[in-house]
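K.L.:
The structure follows.
All of the numbers you see were taken from the coordinates with simple rules; none came from a lab. All of these numbers come straight from a predicted model, not from anything done at the bench. All Cβ positions, glycine included, derive from the backbone under ideal geometry; neighbour counts span all protein chains shown.
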């Protein structure tokens, strides 16, 4: 694995809100840190139930969603968000450690499936930016 | 003057006059002086008046100026008032800004505290990492143990399946034997009839002989004696035959009863039909499973007794019933992918059904259907799938944590590291990456072995797929300064393959060639057709080769050859095992030739794969090696 380059200037990100729905505290904190470093406005939810409430209230520009979580798992969370008029088209990055071999295809083109242990944080930021730019 | 008494009064007057004149003169002079003074004073006054006039004029001018100054002062005052208002507003704004600054400062203080806390947490994370690493090692061991147990369970299941299969085969064999015994009985009976017919013929011959006897007495006597002997022999042989037939019939009846008892007692459901599909036999297990009494079921159409439905409860059409398929095709048919049977008491369960034709004298005379409740097997399958997904989640979560924090530290996101710190952290990061790869490979193996891999074949362009794999490997090829060539036969038909599995095959074969070929070596990769139905991949390298005495082991799970262990420590020993599993389960082949000694070392790996159905296994699960 090659060297890692520093975070560049992410001036355009400043108004973008990213909702992080992740139960694992250390992973959530890492995601929030890198989002802050990249000038995003991160919001945190520690399970699906909290995530749905925050998503529908704050209407973030993009959602990072874990799959295996207590209270409400990622699949149900995604269903609830997609059932909303606004939520039907919000970009969602499923960020999970569940083997993709078990993953059924996701709901629509606005949903992307990333394996956490295979993705660098900076690449996730790049992916977020690419999705937002599109 | 008074000294001249009475000289004259006039003198005195004159004198007085003179005095007076003198006084007058003096006064006049004084007056003149005063006049002069007055004149001077007047002049001065005039000058002063003039000056005053000048001053007055000046004053007038000054007054005007003063007026204008006053006016401008008024304007200035108004301006000042405005300015003051503005200043007041600015002051307010400043106050606002100051407050915001204060808030910001407070937030910054909080952030600073958080950062301090984060630093502490990081420290603790760092400590925890050490603990986690230790735990991971333990978990890995446990995983290995669990994997081994699972493998053992899988083997036992396979063994059980084999035993069941052998029982089933025995049943079929027994049925065939019964048929054969029946045939034998028939043959014996026919022989008896023939013997009886022959006896009749012999009697006729006896008669003719008796007639002939009249011709030659001697001969007659002889013949009579011979006849008597023959008759005796015949009688004896007839009796023996009779006895034998009796014995045989008895033993046959015994055997039949025994076999019927065996059939009846088989643990799996057993149901036999005639060639029209009418039930002729149903064993106890089948009675119990189906909730149907043998007396009631026998004679009925099987489809009326066993209505099958699919997963969702929709009835399975008659033509798809195993019995009908067997009767139509004359071949054994395995179970439907998911057949369910609902008993009269509403209990619904999945069935595994194996139907085979009963063939006698080349004709299908019926079917035998063996079936059982596979609820338990289904549960085991589910448990296996859950194990893999849970293991992947649990193992990868701490690995992701280490990855991400190390990555941020290395990227300098929270401050620059010194050279040593950078180097140490690089080691941590790289080792963690290896762990991630190892876990991924182990999960692939577990998925393949447990049969939980979801296979999705689709039309795939092998050349494009391979080019993508090569593109990913290009940095490594360049780093080792390898001469690399790739050729893919033009106009190859699309393969019906699961691209993910095909990719795993290509990626492993290629990365092995790259990893195990020394700098400036040569690798040639070609894809052609082996025959109209199979593609052939050939990977030739000038690498280290595989030692002769270890060539038999290289497809073994976790095996790594001695001569590469120290050259590349990153290998998992799982790549070729995975490749072989996929290739062989897809109906393909993999083999190699290799030299590890002498001047020209290197290996050639060959893989053939069918153009249709790569990834669709012949069996539903792989056998662990």
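K.L.:
Return an integer: the convex hull volume of the alpha-carbon atoms of the stretch B:1-75, in Å³ per residue.
P.N.:
Details: hull volume 6.8 nm³, N = 75.
Taking the convex hull of the Cα positions in the stretch B:1-75, it is 90 Å³ per residue.
K.L.:
Rounded to the nearest 5, what % of the DSSP beta bridges within the protein assembly as shown are antiparallel ones?
P.N.:
Values: 54 of 78 bridges.
Once the DSSP bridges in the protein assembly as shown are tallied, antiparallel ones form about 70 percent.
K.L.:
Then there is this: Determine how many Å³ per residue the convex hull of the Cα atoms of the stretch B:338-474 encloses. Each step should come with its number before you reach the end.
P.N.:
Working: hull volume 31.2 nm³, N = 137.
Spelled out: Cα convex hull of the stretch B:338-474, divided by residues, is 228 Å³.
K.L.:
A follow-up question, please. Please list, short to long, the whole-number percent of alpha-carbon pairs of the stretch B:1-126 in consecutive 10 angstrom bins beginning at zero.
P.N.:
Final binned percentages: 10, 11, 10, 9, 9, 8, 8, 7, 7, 6, 5, 4, 3, 2, 1, 0.
K.L.:
Further question: Taking Cα centroids, how far is the stretch B:30-102 from the stretch B:163-220 in Å?
P.N.:
163
K.L.:
With no solvent and one equal point scatterer per Cα, compute the Debye intensity ratio I(q)/I(0) for the stretch B:161-373 at 0.15, 0.18 Å⁻¹ and report its log10, rounded to two decimals.
P.N.:
Scattering profile of the stretch B:161-373, log10 relative to I(0): -0.96, -1.24.
K.L.:
OK, next. Which percentage, to the nearest 5, of the DSSP beta bridges contained in the stretch B:455-625 is antiparallel?
P.N.:
Looking only at bridges with both residues in the stretch B:455-625, the antiparallel portion is about 80 percent.
K.L.:
Once you have a ≥ b ≥ c as the square roots of the Cα gyration tensor eigenvalues for the stretch B:38-94, tell me rounded if a/c is under 1.5, and otherwise prolate or oblate according to whether a/b is larger than b/c. Before the final figure, lay out each step's value.
P.N.:
Values: a/c = 12.36, a/b = 5.63, b/c = 2.20.
Since a/c reaches 1.5 and a/b is larger than b/c, the shape of the stretch B:38-94 is classed as prolate.
K.L.:
Oh, and also: Can you tell me the Rg and the Dmax, both Å, for the Cα atoms in the stretch B:67-163?
P.N.:
38.0, 127
K.L.:
Which angle from 0 to 90°, rounded to the nearest 10, does the C-alpha axis of helix B:575-585 make with the longest principal axis of chain B?
P.N.:
For B:575-585 against chain B, the angle is about 50 degrees.
K.L.:
Is the shape of the stretch B:481-528 best called rounded, prolate or oblate, per the rule: a/c under 1.5 gives rounded, else a/b larger than b/c gives prolate, else oblate, with a ≥ b ≥ c the square roots of the Cα gyration tensor eigenvalues? Don't skip to the end; give the middle numbers.
P.N.:
Numbers: a/c = 4.64, a/b = 1.62, b/c = 2.87.
Judged from the Cα gyration tensor, the stretch B:481-528 comes out oblate (a/c at least 1.5, b/c at or above a/b).
K.L.:
Compute the convex hull volume of the Cα atoms of the stretch B:507-551, divide it by the residue count, and report the result per residue in Å³ as a whole number.
P.N.:
It comes to 94 Å³ per residue, whole-number rounded.
K.L.:
Continuing with the same structure: May I ask you to work out the translational diffusion coefficient for the stretch B:256-381 at 20 °C, viscosity 1.002 mPa s, via Stokes-Einstein with Rh from the Kirkwood sum over Cα pairs, reported in whole µm²/s? Display every interim value, and only then the final one.
P.N.:
Details: Rh = 14.7 Å.
For these conditions, the coefficient is 145 µm²/s.
K.L.:
Can you sort A:122, A:59 from fewest to most other Cβ atoms within 10 Å of each residue's own Cβ?
P.N.:
Details: A:122 21, A:59 13.
Least crowded to most crowded, the residues run A:59, A:122.
K.L.:
Using the number of other C-beta atoms within 10 angstrom as an exposure proxy, rank B:527, A:34, B:380, A:14 with the fewest first. Walk me through the numbers before you get to the answer.
P.N.:
Working: B:527 20, A:34 23, B:380 14, A:14 10.
Ordered by Cβ neighbours within 10 Å, fewest first: A:14, B:380, B:527, A:34.
K.L.:
Right, next: Kirkwood Rh, the stretch B:89-131, all Cα pairs: how many Å? The partial results should precede the final answer.
P.N.:
Values: mean 1/r = 0.0802 Å⁻¹.
Here the Kirkwood hydrodynamic radius works out to 12.5 Å.
K.L.:
So what's the angle, to the nearest 10 degrees on a 0 to 90 scale, between helix B:375-410 and the longest Cα principal axis of chain B?
P.N.:
30
K.L.:
On to the next question. To the nearest whole percent, what portion of all C-alpha pairs in chain B is separated by more than 36 angstrom?
P.N.:
Details: 135980 of 195000 pairs.
The proportion of pairs with Cα distances above 36 Å equals 70 percent.
K.L.:
Which value in Å does the Kirkwood hydrodynamic radius of the stretch A:12-133 take, with 1/r averaged over all unlike C-alpha pairs and then inverted? Intermediate results must be reported in sequence, preceding the final value.
P.N.:
Numbers: mean 1/r = 0.0709 Å⁻¹.
That comes to 14.1 Å for the stretch A:12-133.
K.L.:
Per the Debye formula with a single identical scatterer at each Cα and no solvent contribution, what log10 I(q)/I(0) holds for the protein assembly as shown at q = 0.08, 0.11 Å⁻¹?
P.N.:
Here the Debye-derived log intensity ratios amount to -0.93, -1.33.
K.L.:
Can you give the Rg/Rh ratio of the stretch B:218-285, where Rg is from the C-alpha atoms and Rh is the Kirkwood radius? Can you show the working numbers first?
P.N.:
Values: Rg = 23.9 Å, Rh = 16.2 Å.
So for the stretch B:218-285, dividing Rg by the Kirkwood Rh gives 1.48.
K.L.:
Then there is this: Sort all Cα-Cα distances of the stretch B:72-226 into consecutive 5 angstrom bins from zero, then give the percent of pairs in each bin up to the one containing the longest distance.
P.N.:
Calculated P(r), rounded to whole percents: 2, 6, 5, 4, 4, 4, 4, 4, 4, 4, 4, 4, 3, 4, 3, 3, 3, 3, 3, 3, 3, 2, 2, 2, 2, 2, 2, 2, 2, 1, 1, 1, 1, 1, 1, 1, 0, 0.
K.L.:
Could you give log10 I(q)/I(0) at q = 0.16 Å⁻¹ for the stretch B:455-625, computed by the Debye formula over C-alpha point scatterers of equal weight, without solvent?
P.N.:
Cα-only, vacuum Debye calculation for the stretch B:455-625: -0.95.
K.L.:
Based on other C-beta atoms within 10 Å, arrange B:404, A:86, A:119 from fewest to most.
P.N.:
On the way: B:404 24, A:86 10, A:119 17.
By the 10 Å Cβ count, ascending: A:86, A:119, B:404.
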